[in-house]
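The values are calculated or read from the model by the stated rules, or taken from the named source; none is laboratory data. On a predicted model such as this, the values are computed, not experimentally measured, just so you know. Cβ placement follows ideal geometry from the backbone for every residue including glycine, while neighbour counts extend to all protein chains displayed.
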Amino acid sequence: MAQSTGPILVAGGLTIANEFVTGSGLKWAQVIATGATAMIFAGLESVVGKPAVMLAWVVLTTAVFVPLQKGKSTPAESLLNYING
């Protein structure tokens with residue numbers, strides 16, 4: 001398994017879980033997109049190597065901390081809301 005696969009799958013899994021927990025439900029398009037992105041990054045890693053792995057970690061960090069849709073909470077915000085009650 002490519003080194004970039006783990007961070008990409010975790011980023012996708014966190015995004016999918018956050019959408020499910022916040023009430024949007026399960027969206028199969030996100031599941032398919034996560035798998036496709038992991039395959040693309042694995043191919044990219046075989047071509048350029050380490051930069052693809054570093055970019056995968058940037059994707060994970062962005063998915064956890066940056067809100068990509070207006071009005072939606074990030075996984076980090078959802079976790080803090082859960083902890084604080």
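Can you tell me which residue in the stretch 63-76 is surrounded by the fewest Cβ atoms within 10 Å (Cβ to Cβ), limited to those that are hydrophobic (A, V, I, L, M, F, W, C) and touching a helix residue (DSSP H, G or I) at 6+ places or on another chain (Cβ under 6 Å)? Before you say what the answer is, go through the steps one by one.
Step one: filter the stretch 63-76 for residues hydrophobic (A, V, I, L, M, F, W, C), giving 63-66, 68, 76.
Now narrow it down to the ones that are touching a helix residue (DSSP H, G or I) at 6+ places or on another chain (Cβ under 6 Å): 63-65, 76.
On the way: A63: 21, V64: 17, F65: 11, A76: 15.
Applying the filter and picking the extreme gives F65.
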Quick one: which residue in L14, L79, L60 is modelled with pLDDT of 95 or more, surrounded by 12 or more Cβ atoms within 10 Å (Cβ to Cβ) and either among the small types (G, A, S) or part of a helix (DSSP H, G or I) (or both)? L60
Looking only at the stretch 39-52, decide whether some residue is under 20 Å from N18 (Cα atoms) and either assigned to a helix (DSSP H, G or I) or in contact with a strand residue (DSSP E or B) (Cβ under 8 Å, 6 or more places away or on another chain) (or both). no
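Would you mind stating whether I32 is at pLDDT below 95 and either over 25 Å from E77 (Cβ atoms) or buried (at least 17 other Cβ atoms within 10 Å of the Cβ) (or both)? It would help to see each step written out before you state the result.
Details: at pLDDT below 95: no; either over 25 Å from E77 (Cβ atoms) or buried (at least 17 other Cβ atoms within 10 Å of the Cβ) (or both): yes.
Against the criterion (at pLDDT below 95 and either over 25 Å from E77 (Cβ atoms) or buried (at least 17 other Cβ atoms within 10 Å of the Cβ) (or both)), I32 does not qualify.
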